[in-house]
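Asker: Can you read through this structure? Questions will come right after.
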Amino acid sequence: HNCTLRLLRVYRDQALSSRSSSGMASDLEQATVPISSSRYDAFCSSLAPDGQEDQGDAMKLDRLTATYENQDDRFVITQRSYERQYAHLYFARLKLMDPCMKETIARHWPGIELINILDVGGRTKGPCCVFGTVAKEMKLRPTILDEYTKDRGLQSALAADNFVHESDTVALEDEGGRMALTGLASVLPVDQLVTGLVIAVRGENDPDDNDAFVVHEILYPGMPPQVPRPVLQEDKYVALVCGLKLSTGSQNEMKLQLAMDMLTGMMGSPDDQALAAKIVRLVVAGGSIGSSEALASTNAYGRQQNIALQPIKDMDMYLSELAAALPVDLMPGAEDPTNVAMPQQPLHRCLLPSASTQNALTRATNPHAFTVDGVTFMGTSGQPIEDVLKYSKHPDRLSVMRSCLEWRHLAPTAPDTLASYPFQGVDPFMLESAPHVMFAGCQPEFAATTVEGPAGQRVLLVAVPSFAKSSTLVLLNLRTLECQPYNFDCK
């Protein structure tokens, strides 16, 4: 088989390269080389005319096509200025949520007076309602001063993955004031709230404390409206994968090659190749490189620098081969070489000199919004989900994604605990419409469910597992909105 012959040639070159360099490099250096540079050279030579024979099967694959629209414009930062205050983002969020909050309040609490926070103090006319932004006070929230603490018990708590404490409190803020919220845990779930949410509360002023508000009921903005999903006549698939972590070395190489051969139609029976022909797009949801600390080292020169650059060369090679067979969307992740603050900008084309020349490759932002054959997608590489789980308690990651739909926000903890660009007058993370598919990459395991809204909205939630840990790729059927994990574990 052609793909087997290519693999044999690659590993032959790798073995020859290792033998020839054994006298020049230490054992440690050889152990840290993830994939030898001869494989990259072998790939480049395969693009020459004499290497076209190996790709004959892939070129014969009659792949289906689908319409595509990239909707990342609101996440692209054209002019960067960090002189603004982050408070402007909260003000913009509250102002943009104003219409939907008033509509939700009028629908659920007819006859209840809506007032500002400054008008709550001293009120004796009975129940009222207020909406604003949540501010959560957390005892275990990490600060820059935590490294100097001498309390060993507190140090162990700060090292945990979750910072929720039973003494946490919440307050509500609007343009004019701030008030503390109190109430029963069944009514006011403090452990499920995070700073940055826009909510409405119904209740009355605390007679024992004019600065507190006793909550009787709480309302979220609710799931946004959704455009109708088109009726497709044939099965088409979008593949979702993340967490390739090429910097981890050759331990992921074989299963990654198997996944590539499956996507390009160069592996399996005729039925498998027929399935591959129906895959109209691949989305790589972050985590392609993994840790790149070696690149940031000031002492990275010569051979050590070449070793550190090898994962980027490998990514360019893999993406070039994939983009030659089907359209690919590449999203950045938490450890990929781009800005850390959300929204993360596309990886620079100089990192992908070969793959960037192909029109089939889309260098996307994180978050990433797009449409395939009328089916709308909205997804992240997982950072907002991870951050919400640090500062609240939810049963699972799908529960957080479901809550994000109810909150109408992709990253509610930004910019408080999740790094974000200081936007002014806009909040690109707000959900103006409900997508048909909402996904989160770099999750510990695969999970999927469908949630329904009060107006008939149906959203498929997908947690895409890290490929390096799970060896799993997810195929999503655009016609039925059903998804199926495919495992490529070589053990």
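The values are calculated or read from the model by the stated rules, or taken from the named source; none is laboratory data. Just so you know, these numbers come straight off a predicted model, no measurement behind them. Cβ placement follows ideal geometry from the backbone for every residue including glycine, while neighbour counts extend to all protein chains displayed. For the accessible areas, the whole protein counts, side chains as well, though only heavy atoms, and no ligand, DNA or RNA atoms are used. Shrake-Rupley method; radii C 1.70, N 1.55, O 1.52, S 1.80 Å.
Asker: Can you tell me which residues in the stretch 213-253 are modelled with pLDDT under 95, touching a helix residue (DSSP H, G or I) at 6+ places or on another chain (Cβ under 9 Å) and either crowded, with 16+ Cβ neighbours inside 10 Å or hydroxyl-bearing (Ser, Thr, Tyr) (or both)?
Answerer: Phe213, Gly243, Leu244, Lys245, Leu246, Ser247, Thr248, Gly249, Ser250, Asn252, Glu253
Asker: Moving on to the next point. Being modelled with pLDDT of 95 or more and outside any strand (DSSP E or B) is the filter; apply it to the stretch 472-491 and report the residue that is farthest from Phe446 (Cα to Cα).
Answerer: Top of the filtered list is Arg479.
Asker: Continuing with the same structure: Asp336 is checked against (1) crowded, with 19+ Cβ neighbours inside 10 Å; (2) touching a residue at least 60 places away in the same chain (Cβ under 8 Å) and fails just one. What number does that condition carry?
Answerer: Status for Asp336: all satisfied but (2).
Asker: Another one. With the checklist (1) open to solvent by less than 20 Å² (accessible area, probe 1.4 Å); (2) at negative phi; (3) not aliphatic (A, V, I, L, M) in hand, flag the one item Ser471 doesn't pass.
Answerer: (2)
Asker: Can you spot a residue in the stretch 397-412 that is out of contact with any Pro (no Cβ under 6 Å at 6 or more places or on another chain), small (Gly, Ala, Ser) and open to solvent by less than 50 Å² (accessible area, probe 1.4 Å)?
Answerer: yes
Asker: Follow-up. If I go through the stretch 270-316 residue by residue, how many of them are at pLDDT below 90, part of a loop (DSSP other than H, G, I, E, B) and under 20 Å from Pro346 (Cα atoms)?
Answerer: Looking only at that region, the number is 4.
Asker: Taking the stretch 196-212, which residues are surrounded by fewer than 22 Cβ atoms within 10 Å (Cβ to Cβ) and not in a strand (DSSP E or B)?
Answerer: Listed by number, the residues that qualify are Pro207, Asp208.
Asker: What are the pairs, 6+ residues apart or on separate chains, where a residue within the stretch 91-111 that is closer than 13 Å to Tyr220 by Cα has its Cβ under 7 Å from a residue that is of a type in the set (Ser, Thr, Tyr)?
Answerer: Leu94/Thr133
Asker: Here is a follow-up. Determine whether the stretch 389-396 contains at least one residue that is without any contact (Cβ under 8 Å) to a residue 60 or more places away in the chain, more than 24 Å from Pro337 (Cα to Cα) and open to solvent by 20 Å² or more (accessible area, probe 1.4 Å).
Answerer: For the stretch 389-396, residues without any contact (Cβ under 8 Å) to a residue 60 or more places away in the chain, more than 24 Å from Pro337 (Cα to Cα) and open to solvent by 20 Å² or more (accessible area, probe 1.4 Å): present.
Asker: Listed residues Thr248, Thr169; which is over 30 Å from Asp373 (Cα atoms) and touching a Pro at 6+ places or on another chain (Cβ under 9 Å)?
Answerer: Thr248
Asker: Quick check on my filter: what residues within the stretch 199-212 are of a type outside the set (Gly, Ala, Ser) and modelled with pLDDT under 95?
Answerer: Of everything in the stretch 199-212, those that are of a type outside the set (Gly, Ala, Ser) and modelled with pLDDT under 95 turn out to be Glu204, Asn205, Asp206, Pro207, Asp208, Asp209, Asn210, Asp211.
Condition check ((1) part of a loop (DSSP other than H, G, I, E, B); (2) in contact with a Ser or Thr (Cβ under 6 Å, 6 or more places away or on another chain)) across all residues:
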residue: Glu386; (1), (2): no, no
residue: Met401; (1), (2): no, no
residue: Asp427; (1), (2): yes, no
residue: Cys442; (1), (2): no, yes
residue: Thr450; (1), (2): no, no
residue: Pro454; (1), (2): yes, no
residue: Val462; (1), (2): no, no
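Asker: Still on this structure, please answer the following. Sort through Glu445, Glu452 and tell me the only one that's of a type in the set (D, E, K, R) and under 17 Å from the mean Cα position of the chain (by Cα).
Answerer: The match here is Glu445.
Asker: Answer yes or no as to whether Val187 is in contact with a strand residue (DSSP E or B) (Cβ under 8 Å, 6 or more places away or on another chain), at pLDDT 90 or above and either under 28 Å from Phe467 (Cα atoms) or open to solvent by less than 20 Å² (accessible area, probe 1.4 Å) (or both).
Answerer: When the stated conditions are applied, Val187 does not pass them.
Asker: Hey, another quick one. Restricting the search to the stretch 163-192, which residues are in a loop (DSSP other than H, G, I, E, B) and among the polar types (S, T, N, Q)?
Answerer: The answer is Ser167, Ser186.
Asker: Of the residues Arg84, Arg63, Arg93, which single one is within 31 Å of the chain's Cα centre (by Cα), at pLDDT 50 or above, surrounded by 15 or more Cβ atoms within 10 Å (Cβ to Cβ) and part of a loop (DSSP other than H, G, I, E, B)?
Answerer: After applying the criteria, what remains is Arg63.
Asker: Just to be sure, is Ser354 more than 16 Å from the chain's Cα centre (by Cα), of a type outside the set (A, V, I, L, M, F, W, C) and open to solvent by less than 10 Å² (accessible area, probe 1.4 Å)?
Answerer: No: the conditions fail for Ser354.
Asker: Which residue is nearest to Thr417 (Cα to Cα), if the candidates are limited to the stretch 100-141 and must be open to solvent by 70 Å² or more (accessible area, probe 1.4 Å) and among the basic types (Lys, Arg)?
Answerer: Among them, the one singled out is Arg141.
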